[in-house]
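The next block holds one structure in the form of structure tokens; read it before the comments.
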Amino acid sequence: MNERRKTRQVRVGDDRVGVVPIGGDAPVSVQTMTSGYTHDVDACVAEIHKLAAAGADIVRVAVPEKKDTEALAEILPQVKVPIVADVHFHFQRALEAIEAGVHKIRLNPGNIQDREQVGKVIDACKERGLPIRVGVNEGSIIERRDKQKRMKELGGVFSGAKHGHFLAIMIAKLEEYLEIFYERDFYDVTISAKSPDPTLVIDAYTEISKRFDHPLHLGVTHAGPRETGAIRSVAPLAHLLASGIGDTIRISYANDPVFEVEDGLELLYCLELRERKGVDLIACPTCGRIQVDLFTLVQEVREKLAAEIELPIKVAVMGCIVNGPGEAEGADVAIFAGDRRGIIYVQGQKVANVPEEEILDRLLEECRKFEDRVRSG
Ligand code: SF4
């Protein structure tokens with residue numbers, strides 16, 4: 001793991017919903033986006049509550065129409081997490097969202113290019129102390145090719161690089177766009193450069209991190225269903241985060257965004273970039289030595305412990321005695337199976353030997369007792 005790259009911190013939120021710092025020495029935050037219509041107020045509020053409960057630090061909503069920004073006025077007072085308005089095409093939507101009290105704006109340079117319009121959004125954000133994310137998605141900036149002198153200069157810098165042409169366009173576009181912000185003395189900016197191509201994501205963020213000190217919002221766009229999108233997202237994000245790059249992340253799936261939050265948090269826990277909340281569960285993959293129905297047991301243990309345990313307890317569920325005792329010694333609470341029974345350990349000490357049908361309840365009981373002991377010091 002490399003040391004985290006120091007970025008200029010921005011702050012998202014207010015006294016009522018809490019402030020989430022991004023960049024600087026702040027922990028890497030997890031973002032997601034609602035999947036329903038923003039103008040469907042009750043459903044939108046319910047989804048934001050669900051995402052916040054899952055651990056989302058910041059939630060983004062799309063505001064394609066005026067009825068969506070009008071809905072924000074009703075939504076914002078009901079939620080307890082900072083909200084970002086995602087604005088495409090109409091700068092007016094950004095102004096309306098700001099007026100409604102949103103906590104951050106996302107602009108796409110490919111869609112809102114008029115300097116005067118961008119300037120109005122920047123001025124409105126500056127007046128209210130709101131940050132702006134500049135998101136240069138791969139698909140949205142391609143039409144700018146060959147327009148920028150700087151891009152031609154950068155072409156030489158990146159000649160021979162796998163994604164050289166795109167990198168040149170992207171850097172030139174960012175420089176050009178951010179000039180509008182700097183002219184207005186506005187620096188509360190985060191940057192994203194998403195693509196469905198994981199290798200491009202690595203190259204793009206690596207190059208941006210060398211040139212700008214704004215916090216970076218990492219993500220792979222259109223990553224697909226969770227089954228494949230998880231690897232597509234985690235491969236580049238883990239690489240970048242381990243290289244010290246990235247201040248906030250969004251994993252995106254064609255699925256319930258709760259999974260985006262859960263998997264984003266798990267990635268940060270695994271890289272020790274966030275302090276784990278809840279159980280750290282390890283389990284063996286099973287093999288021909290298996291002694292119990294381990295897959296069912298692991299799923300039950302995971303679901304029950306996720307609902308009950310808040311402290312970062314390490315739990316091991318192992319299928320036989322081959323690796324069981326070793327893992328049991330390294331875990332807070334562990335079970336390894338033998339001859340349709342479960343041997344349960346707490347901090348390396350054997351505490352029980354129960355039949356298979358009692359394993360789950362006894363393991364949960366030992367986890368609860370362990371958490372109580374930790375809480376009471
Ligand atoms: Fe196989 Fe036992 Fe290892 Fe599980 S713990 S993978 S059952 S050897």
Original post:
Fewest to most neighbouring Cβ within 10 Å: what's the order for 166, 295?
Top reply: 295, 166
Original post:
Hey, what did the chain get for relative contact order, percent, Cα under 8 Å, at least 6 apart?
Top reply: 13 percent
Original post:
According to the square roots a ≥ b ≥ c of the eigenvalues of the Cα gyration tensor, what is the shape class of the stretch 6-51, taking rounded for a/c under 1.5, prolate for a/b larger than b/c otherwise, and oblate for the remainder?
Top reply: prolate
Original post:
Which of 13, 278, 219 moves the most in a Gaussian network model of the chain with Cα springs under 10 Å?
Top reply: 278
Subject >> Candidates 351, 59, 12, ranked by Gaussian network fluctuation over the chain, Cα under 10 Å, top entry >> reply: 351
**OP:** May I ask for the angle, rounded to the nearest 10°, between helix 294-308 and the longest principal axis of the chain, with both axes built from Cα atoms and the value confined to 0 to 90°?
**Re:** 60 degrees
**OP:** Sticking to Cα atoms, compute the Rg of the stretch 280-372 to one decimal and its Dmax as the biggest Cα-Cα distance, whole number, in Å.
**Re:** 11.6, 37
Original post:
Given the stretch 10-270, what percent of its DSSP beta bridges are antiparallel, to the nearest 5?
Top reply: 15 percent
**OP:** Project the alpha carbons of the chain onto their principal axes and report the range along each, largest first, in whole Å.
**Re:** 73, 52, 35
**OP:** May I ask you to list the GluC sites (Glu not before Pro) in the stretch 295-377 that are in a DSSP loop and have at most 12 other Cβ atoms within 10 Å of their Cβ?
**Re:** 310
Original post:
What percent do you get for the relative contact order of the stretch 240-377 when only Cα pairs under 8 Å and 6+ apart count?
Top reply: 17 percent
Original post:
What fraction of the DSSP beta bridges in the stretch 280-372 is antiparallel, stated in percent and rounded to the nearest 5?
Top reply: 60 percent
Original post:
Most fluctuating residue of 50, 126, 210 in a GNM of the chain with Cα springs under 10 Å: which is it?
Top reply: 210
Subject >> Bins of 10 Å, starting at 0 and running to the largest distance - Cα pair percent for the stretch 198-354 >> reply: 10, 31, 28, 21, 9, 2, 0
Original post:
Arranged by the count of other C-beta atoms within 10 angstrom, fewest first, what order do 200, 130, 281 take?
Top reply: 281, 200, 130
Original post:
So, in Å, what gap is there between the alpha-carbon centers of the stretch 1-59 and the stretch 326-377?
Top reply: 36 Å
Original post:
Mind checking the angle between helix 226-242 and the chain's longest principal axis? C-alpha axes, 0 to 90 degrees, to the nearest 10.
Top reply: 80 degrees
**OP:** On a 0 to 90° scale, report how tilted helix 115-128 is relative to the longest principal axis of the chain, with both axes built from alpha carbons and the result rounded to the nearest 10.
**Re:** 60 degrees
Original post:
Fewest to most neighbouring Cβ within 10 Å: what's the order for 32, 228, 206, 190?
Top reply: 228, 206, 190, 32
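Every number in this text was worked out from the coordinates using simple rules, so none of it is lab data. Every value quoted in this text rests on a predicted model; they were computed, and no experiment measured them. With ideal geometry, Cβ positions are generated from the backbone for all residues, glycine too; neighbour counts draw on all protein chains shown.
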